[in-house]
Amino acid sequence: MSAAQLLNPKAESRRRGEALRVNINAGIGLQEVLRSNLGPMGTIKMLVSSRVTIEFGL
């Protein structure tokens, strides 16, 4: 048993909840970057050749 669990039995579930929140916020941030940079109006274009190689251009 960890020291945090001795002091607070709900510490593990709080850490899980905090990790989940951090991961969700990171995903939202990544979504915003991809939305603004990829696509026909974005600043980065994704090119797929006939050999199915993917290249990114600015």
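Run the numbers for ASN37 and ASN8: contour at 0.36 nm per residue of separation, minus the present Cα-Cα distance, in nm. Please report the intermediate quantities before stating the final value.
Working: separation 29, 0.36 × 29 = 10.44 nm, distance 4.40 nm.
Taking ASN37 through ASN8 to full extension adds about 6.0 nm, to one decimal.
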What list do you get for SER36, SER49 if you sort them by fewest beta carbons within 10 Å? SER49, SER36
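We did not get these values from a lab; they are worked out from the coordinates using the rules stated. Quantities reported herein were computed from a predicted structural model and do not represent experimental measurements. Using ideal geometry, Cβ is built from the backbone for each residue, glycine included, and neighbour counts are taken over all protein chains shown.
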